[in-house]
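Everything below concerns the one structure shown next.
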Amino acid sequence: MKKRFTAIALAAVMLSGCSNSAQQSGGSTDTDVSGEISSTEETYDMNKETFYKANCENVKLLGRTFFDGETEKLYCALSGTGVEFTFTGTKCSITIAGDGNSTNAGMADNQARIGIYVDGERVIDDMVDKKEEVYEVFQSDEPREVTVSLVKLSESPMSTIAINNICVTGTPIKPVPNKDKLIEFIGDSITCGYGADDPDKNHKFSTKTEDVTKAFAYKTAQALGTDYSMVSFSGYGIISGYSDGEKKVTEQSLPQYYTKLGFTWSPNGSFKPSEIEWDFGKRQPDIIVINLGTNDDSYTLDKKERQEEYSTAYTEFLKTVRANNPDAKIVCAFGVMTDRLFEYVQLAVDNYTAETGDGNISTLKFDVQKAEDGYSADWHPSITTHDKAAAKLTEYLKTLL
């Protein structure tokens, strides 16, 4: 993995809060690629180095994140969380704080993995293995306008990060505008991109080979030009996590964390996402795609009473999703690794509609992965399979959008 590191000690101007006046002062300046600045109110010293906090005033927040007003850090846990911003200048660095696993040698393959992009190109791909590290993201001899994105590539159970600050030389940073639509994806390891960078089905899980941007959900959002939010954990299901077929793994049921910021075994300081209620009023998704059942299937097998239990619990989960997202279109998709439970997904939706009268919901059956398309670690979908699933889902969602 490509790693760029530099230590920077600079005088700081700290910007925090999300007031309208602060947003206006940070976003009223027009710039062009030559670095020339036009403003009716003020000009900026293009040689000035300024620190910014990763709050909603300064950056676009990707997915479910949490800005702590006391520590002035932005915490990212779930897959795909991060920030995106633009500025015109010559330098940019981002300071990241690792969690408890970051300095644990025994967790070297399961620490947080991040990707940092400049104008859509990934310039940094790194495992966060320090308590704090400064990443030099961009440097240019002449000022130019750039868009910088930081995306957490790995999932939350064993990895979290905090963005301490962003330093730029040039104009103030400003959030990239929201796209017209937002899709929320609720899922498991398939949504997380488990093993996406490891085309060996005999290998086991590692965050080092996990990349949410190579999974079907992220690719679908990219294809449709929408914003996204991921709520996904490897091994989790509706009533049971991955099982040996005998024991129901209830502690790995995703619905218990849906209304929270997330879940992790590796808190970052005092940050524990499972103790933070998610504010559904921030922005309502236009579409919600649920892809849960692969892990339940390892427990339900062909046992009808267990399959029906799964379906009943799925119906109840749909009520929770709807209560928090009254206007979203809900799509219950299933079938990438196995389709055995699909009829019970359909049953859950049918029962939900019959009970509530809510017809703003539908199902989509994916094609089961094929041997000729290859596999990733632990028999997970290959990149080819993810591409096929994304193409099918994209075409379906176009009819809803």
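Observations, loosely collected:
- Accessible surface ranking for Tyr44, Tyr242, 1.4 angstrom probe, highest first: Tyr242, Tyr44.
- In nm, spacing of pseudo-spin labels at Phe280 and Lys48 (7 Å Cα→C-beta vector): 4.3
- Only the Cβ atoms of Lys and Arg (+1) and of Asp and Glu (-1) were treated as charged; on that basis the dipole of region 39-86 about its Cα centre amounts to roughly 320 debye.
- Simple point charges give the picture: +1 on the Cβ of Lys and Arg, -1 on the Cβ of Asp and Glu, and for the chain a dipole about the Cα centre of about 280 debye.
- Set Lys48/Lys174; Lys130/Lys272; Lys91/Lys181; Lys152/Lys319; Lys152/Lys272; Lys73/Lys204 screened for pairs whose C-alpha atoms are more than 25 Å apart: Lys91/Lys181; Lys152/Lys319; Lys73/Lys204
- Charge dipole (the chain, unit charges on Cβ, about Cα centre) - positive-most of Phe205, Val368, Thr250: Thr250
- Debye, to nearest 20: dipole size of region 291-401, +1 on Lys, Arg Cβ, -1 on Asp, Glu Cβ: 240
- Accessible area expressed per residue, the chain, with surrounding protein chains retained (probe 1.4 Å, Å²): 40
- Residue (of Thr264, Val336, Trp278) at the positive-pole extreme of region 234-345, dipole from beta-carbon charges: Trp278
- Taking a ≥ b ≥ c as the square roots of the eigenvalues of the Cα gyration tensor, the chain is prolate, since a/c reaches 1.5 or more and a/b is larger than b/c.
- Inter-part distance where region 108-139 and region 352-393 are each reduced to a Cα centre, Å: 30
- In sequence order, region 265-276 has phi-based couplings of 8, 10, x, 9, x, 8, 6, 10, x, 6, 9, 10 Hz under the Karplus curve 6.51 cos²θ - 1.76 cosθ + 1.60, θ = phi - 60°, and Gly or Pro positions carry x.
- Choice from Asn202, Asn58, Asn291 with maximal GNM fluctuation in the chain (Cα, 10 Å cutoff): Asn202
- The peptide list 148-156, 161-169, 264-272, put in order of mean Cβ contacts within 10 Å with the highest first, becomes 148-156, 161-169, 264-272.
- Nearby aspartates and glutamates by direct alpha-carbon distance to Lys208 (threshold 13 angstrom, same-chain neighbours under 8 apart not counted): Asp109, Asp125, Asp126, Asp129, Glu155, Asp197, Asp198
- Region 231-285: C-alpha gyration tensor shape, a/c 1.5 cut-off, then a/b vs b/c: oblate
- Take every pair of alpha-carbon atoms less than 8 Å apart whose residues are at least six positions apart; their mean separation over the length of the chain yields a relative contact order of 16 percent.
- Overall form of region 162-213 per C-alpha gyration tensor (a/c, 1.5; a/b vs b/c): oblate
- Percent carbon-and-sulfur accessible area, the chain, ignoring ligands, DNA and RNA, probe 1.4 Å: 47
- If both residues of a DSSP beta bridge must be in the chain, then about 75% of such bridges are antiparallel.
- Solvent exposure, largest accessible area first (probe 1.4 Å, DNA, RNA and ligands not counted), of Thr394, Thr259: Thr259, Thr394
The values are calculated or read from the model by the stated rules, or taken from the named source; none is laboratory data. Please read all numbers here as calculations on a predicted model, not as lab measurements. Using ideal geometry, Cβ is built from the backbone for each residue, glycine included, and neighbour counts are taken over all protein chains shown. Heads up: the accessible areas ignore ligands, DNA and RNA and are worked out on the full protein's heavy atoms, side chains in. Shrake-Rupley method; radii C 1.70, N 1.55, O 1.52, S 1.80 Å.
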